[in-house]
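Take a look at the structure set out below.
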Amino acid sequence: MPAFELALFAFVLATAVLTAIFRDVLAAIIVFAAYSLGMAIFYAFLLAPDVAMTEAAIGAGVTTLLLLLTIAKTVRPPTDVTFERPHPTGLLVVGAFTLAILATVPAFPAVGSESAPIWSNPEVTQYYIESAYEDTGVENAVTAVLAGYRGFDTFGEAVVVFAAGIASLLVLRTEVFTGE
(Lines give C-alpha, C1' and ligand atoms only; values in the text may rest on other atoms or scores of the structure.)
Protein backbone atom coordinates (compact mmCIF):
# COMPACT_ATOMS: atom_id res chain seq x y z
CA MET A 1 0.00 0.00 0.00
CA PRO A 2 1.51 3.38 -1.01
CA ALA A 3 2.44 5.83 1.74
CA PHE A 4 -0.21 8.36 0.69
CA GLU A 5 -3.01 5.78 0.91
CA LEU A 6 -1.75 4.57 4.28
CA ALA A 7 -1.48 8.12 5.65
CA LEU A 8 -4.95 9.01 4.36
CA PHE A 9 -6.40 5.83 5.85
CA ALA A 10 -4.75 6.58 9.21
CA PHE A 11 -6.08 10.17 9.11
CA VAL A 12 -9.64 9.07 8.32
CA LEU A 13 -9.53 6.36 11.01
CA ALA A 14 -8.10 8.76 13.61
CA THR A 15 -10.67 11.48 12.91
CA ALA A 16 -13.50 8.92 13.04
CA VAL A 17 -12.33 7.68 16.44
CA LEU A 18 -11.81 11.22 17.75
CA THR A 19 -15.28 12.22 16.59
CA ALA A 20 -16.71 9.38 18.65
CA ILE A 21 -14.73 10.03 21.82
CA PHE A 22 -14.71 13.84 22.05
CA ARG A 23 -17.06 14.98 24.78
CA ASP A 24 -17.06 18.61 23.64
CA VAL A 25 -19.64 18.96 20.87
CA LEU A 26 -17.82 21.77 19.06
CA ALA A 27 -14.58 19.77 18.96
CA ALA A 28 -16.47 16.72 17.68
CA ILE A 29 -18.06 18.78 14.89
CA ILE A 30 -14.71 20.19 13.80
CA VAL A 31 -13.06 16.77 13.80
CA PHE A 32 -16.06 15.35 11.92
CA ALA A 33 -15.59 18.03 9.24
CA ALA A 34 -11.94 16.96 8.94
CA TYR A 35 -13.08 13.33 8.65
CA SER A 36 -15.50 14.24 5.89
CA LEU A 37 -12.82 16.19 4.04
CA GLY A 38 -10.47 13.19 4.35
CA MET A 39 -13.17 10.93 2.90
CA ALA A 40 -13.65 13.38 0.01
CA ILE A 41 -9.92 13.17 -0.75
CA PHE A 42 -10.11 9.39 -0.47
CA TYR A 43 -12.98 9.25 -2.98
CA ALA A 44 -11.09 11.54 -5.36
CA PHE A 45 -8.07 9.25 -5.09
CA LEU A 46 -10.31 6.30 -5.96
CA LEU A 47 -11.34 8.14 -9.15
CA ALA A 48 -14.88 8.90 -7.99
CA PRO A 49 -14.98 12.70 -8.39
CA ASP A 50 -18.78 12.91 -8.21
CA VAL A 51 -18.82 11.16 -4.84
CA ALA A 52 -15.84 13.25 -3.68
CA MET A 53 -17.58 16.53 -4.56
CA THR A 54 -20.78 15.39 -2.86
CA GLU A 55 -18.89 14.37 0.28
CA ALA A 56 -16.99 17.67 0.36
CA ALA A 57 -20.10 19.77 -0.23
CA ILE A 58 -22.58 17.90 1.94
CA GLY A 59 -20.36 16.22 4.52
CA ALA A 60 -17.67 18.82 5.14
CA GLY A 61 -19.70 21.86 4.09
CA VAL A 62 -23.44 21.80 4.68
CA THR A 63 -23.51 19.26 7.52
CA THR A 64 -20.79 21.09 9.42
CA LEU A 65 -22.59 24.40 8.94
CA LEU A 66 -25.92 22.97 10.12
CA LEU A 67 -24.31 21.36 13.16
CA LEU A 68 -22.52 24.60 14.08
CA LEU A 69 -25.74 26.59 13.67
CA THR A 70 -27.57 24.05 15.81
CA ILE A 71 -25.15 24.31 18.71
CA ALA A 72 -25.12 28.11 18.37
CA LYS A 73 -28.91 28.13 18.84
CA THR A 74 -28.99 25.67 21.73
CA VAL A 75 -27.61 25.68 25.24
CA ARG A 76 -24.26 23.98 25.80
CA PRO A 77 -23.88 22.40 29.23
CA PRO A 78 -20.59 23.23 30.94
CA THR A 79 -18.23 20.29 31.14
CA ASP A 80 -14.72 19.73 32.32
CA VAL A 81 -14.35 16.41 30.58
CA THR A 82 -12.84 16.58 27.08
CA PHE A 83 -13.01 12.92 26.11
CA GLU A 84 -15.71 10.33 26.64
CA ARG A 85 -14.42 7.21 28.39
CA PRO A 86 -14.70 4.39 25.87
CA HIS A 87 -16.51 1.23 26.93
CA PRO A 88 -14.37 -1.92 26.71
CA THR A 89 -17.07 -3.83 24.84
CA GLY A 90 -17.41 -1.03 22.31
CA LEU A 91 -13.65 -0.91 21.83
CA LEU A 92 -13.60 -4.66 21.28
CA VAL A 93 -16.40 -4.48 18.68
CA VAL A 94 -14.84 -1.53 16.84
CA GLY A 95 -11.41 -3.18 16.95
CA ALA A 96 -12.79 -6.45 15.55
CA PHE A 97 -14.67 -4.56 12.83
CA THR A 98 -11.52 -2.59 11.91
CA LEU A 99 -9.46 -5.79 11.74
CA ALA A 100 -12.11 -7.41 9.53
CA ILE A 101 -12.04 -4.44 7.16
CA LEU A 102 -8.24 -4.39 7.09
CA ALA A 103 -8.23 -8.11 6.31
CA THR A 104 -10.36 -7.51 3.19
CA VAL A 105 -8.27 -4.62 1.80
CA PRO A 106 -5.76 -6.89 -0.03
CA ALA A 107 -8.65 -8.53 -1.89
CA PHE A 108 -9.59 -5.28 -3.62
CA PRO A 109 -8.10 -4.67 -7.06
CA ALA A 110 -5.70 -1.76 -7.40
CA VAL A 111 -7.08 1.55 -8.65
CA GLY A 112 -7.30 1.34 -12.45
CA SER A 113 -6.57 -2.39 -12.50
CA GLU A 114 -7.96 -4.40 -15.40
CA SER A 115 -9.23 -6.99 -12.92
CA ALA A 116 -11.64 -4.46 -11.40
CA PRO A 117 -15.32 -5.48 -11.76
CA ILE A 118 -16.10 -2.55 -14.07
CA TRP A 119 -13.61 -3.89 -16.62
CA SER A 120 -14.38 -7.56 -16.09
CA ASN A 121 -17.93 -7.07 -17.42
CA PRO A 122 -17.56 -4.64 -20.34
CA GLU A 123 -20.93 -5.58 -21.84
CA VAL A 124 -22.82 -3.76 -19.09
CA THR A 125 -20.65 -0.66 -19.32
CA GLN A 126 -20.90 -0.63 -23.09
CA TYR A 127 -24.69 -1.04 -22.89
CA TYR A 128 -24.98 2.04 -20.66
CA ILE A 129 -22.75 4.07 -22.96
CA GLU A 130 -24.58 3.04 -26.13
CA SER A 131 -28.18 2.92 -24.85
CA ALA A 132 -28.38 5.69 -22.27
CA TYR A 133 -29.85 8.27 -24.63
CA GLU A 134 -32.31 5.91 -26.31
CA ASP A 135 -33.54 4.46 -23.00
CA THR A 136 -33.80 7.68 -21.00
CA GLY A 137 -33.62 10.63 -23.41
CA VAL A 138 -30.78 12.12 -21.35
CA GLU A 139 -27.56 12.98 -23.20
CA ASN A 140 -25.18 12.64 -20.23
CA ALA A 141 -24.55 8.95 -19.44
CA VAL A 142 -23.89 9.55 -15.74
CA THR A 143 -27.12 11.52 -15.35
CA ALA A 144 -28.97 8.83 -17.31
CA VAL A 145 -27.73 6.13 -14.94
CA LEU A 146 -28.56 8.16 -11.82
CA ALA A 147 -31.95 9.45 -12.98
CA GLY A 148 -33.08 6.66 -15.29
CA TYR A 149 -31.61 3.34 -14.35
CA ARG A 150 -31.22 4.11 -10.65
CA GLY A 151 -34.18 6.46 -10.36
CA PHE A 152 -35.78 4.90 -7.29
CA ASP A 153 -32.46 4.85 -5.44
CA THR A 154 -31.78 8.48 -6.33
CA PHE A 155 -35.33 9.41 -5.30
CA GLY A 156 -34.80 7.68 -1.95
CA GLU A 157 -31.58 9.61 -1.41
CA ALA A 158 -33.37 12.86 -2.26
CA VAL A 159 -36.11 12.04 0.27
CA VAL A 160 -33.47 11.46 2.97
CA VAL A 161 -31.75 14.78 2.19
CA PHE A 162 -35.14 16.56 2.19
CA ALA A 163 -36.09 15.00 5.54
CA ALA A 164 -32.71 16.01 7.01
CA GLY A 165 -33.24 19.56 5.78
CA ILE A 166 -36.70 19.77 7.31
CA ALA A 167 -35.41 18.35 10.60
CA SER A 168 -32.56 20.89 10.59
CA LEU A 169 -35.00 23.74 9.97
CA LEU A 170 -37.16 22.54 12.86
CA VAL A 171 -34.16 22.36 15.17
CA LEU A 172 -32.86 25.77 14.14
CA ARG A 173 -36.24 27.47 14.60
CA THR A 174 -36.88 25.92 18.03
CA GLU A 175 -36.18 28.19 20.94
CA VAL A 176 -34.49 26.67 23.95
CA PHE A 177 -36.17 27.02 27.34
CA THR A 178 -33.48 27.88 29.91
CA GLY A 179 -35.81 27.95 32.90
CA GLU A 180 -35.25 31.62 33.64
Ala44 more than 27 Å from Phe162 (Cβ to Cβ) and modelled with pLDDT of 85 or more = no
The condition of being acidic (Asp, Glu) and at pLDDT 85 or above holds, among Glu123, Glu130, Glu175, only for Glu130
Single residue of Val94, Val105 found to be exposed (fewer than 11 other Cβ atoms within 10 Å of the Cβ) and aliphatic (A, V, I, L, M) | Val105
Quickly run through region 117-141 and pick out the residues that are more than 19 Å from Ala48 (Cα to Cα), open to solvent by 80 Å² or more (accessible area, probe 1.4 Å) and assigned to a loop (DSSP other than H, G, I, E, B).
-> Glu139
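I need a count of the residues in region 27-78 that are among the acidic types (Asp, Glu) and without any contact (Cβ under 8 Å) to a residue 12 or more places away in the chain. Break it down into steps so the answer makes sense when it comes.
The initial filter retains those residues of region 27-78 that are among the acidic types (Asp, Glu), namely 50, 55.
From the residues that got through so far, the ones that are without any contact (Cβ under 8 Å) to a residue 12 or more places away in the chain too are none.
Final tally of qualifying residues: 0.
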Odd one out for Asp50 among (1) of a type outside the set (A, V, I, L, M); (2) closer than 23 Å to Gly112 by Cα; (3) open to solvent by less than 60 Å² (accessible area, probe 1.4 Å) | (3)
Glu157: part of a helix (DSSP H, G or I), without any contact (Cβ under 8 Å) to a residue 12 or more places away in the chain and more than 28 Å from Ile58 (Cβ to Cβ), yes or no?
-> no
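Of all helices (runs of 4 or more DSSP H) completely enclosed by region 1-75, which ones contain at least 1 residues that are farther than 19 Å from Ser168 by Cα and of a type outside the set (Ser, Thr, Tyr)? Break it down stepwise before answering.
Values: elements: 3-21, 25-45, 49-54, 64-72.
Hits in region 1-75: 3-21, 25-45, 49-54.
For (1) out of contact with any strand residue (DSSP E or B) (no Cβ under 9 Å at 6 or more places or on another chain); (2) small (Gly, Ala, Ser); (3) at pLDDT 80 or above; (4) open to solvent by 100 Å² or more (accessible area, probe 1.4 Å), each residue gets a yes or a no:
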{"position": "Thr79", "(1), (2), (3), (4)": "yes, no, no, no"}
{"position": "Pro88", "(1), (2), (3), (4)": "yes, no, yes, yes"}
{"position": "Leu99", "(1), (2), (3), (4)": "yes, no, yes, yes"}
{"position": "Ser115", "(1), (2), (3), (4)": "yes, yes, no, no"}
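Can we say Val111 is modelled with pLDDT under 80, aliphatic (A, V, I, L, M) and open to solvent by less than 80 Å² (accessible area, probe 1.4 Å)?
Details: modelled with pLDDT under 80: yes; aliphatic (A, V, I, L, M): yes; open to solvent by less than 80 Å² (accessible area, probe 1.4 Å): yes.
Yes, satisfied.
Open to solvent by 70 Å² or more (accessible area, probe 1.4 Å), closer than 30 Å to Arg23 by Cα and at pLDDT 80 or above, is that true of Leu69?
Values: open to solvent by 70 Å² or more (accessible area, probe 1.4 Å): yes; closer than 30 Å to Arg23 by Cα: yes; at pLDDT 80 or above: yes.
So Leu69 fits the description; yes.
The values are calculated or read from the model by the stated rules, or taken from the named source; none is laboratory data. These numbers were taken from a predicted model, which means no experiment stands behind them. Note: ideal-geometry Cβ built from the backbone for every residue, glycine included; neighbour counts use all protein chains shown. Accessible surface is based on the protein model in full, side chains and every heavy atom, while ligands, DNA and RNA are left aside. Shrake-Rupley method; radii C 1.70, N 1.55, O 1.52, S 1.80 Å.
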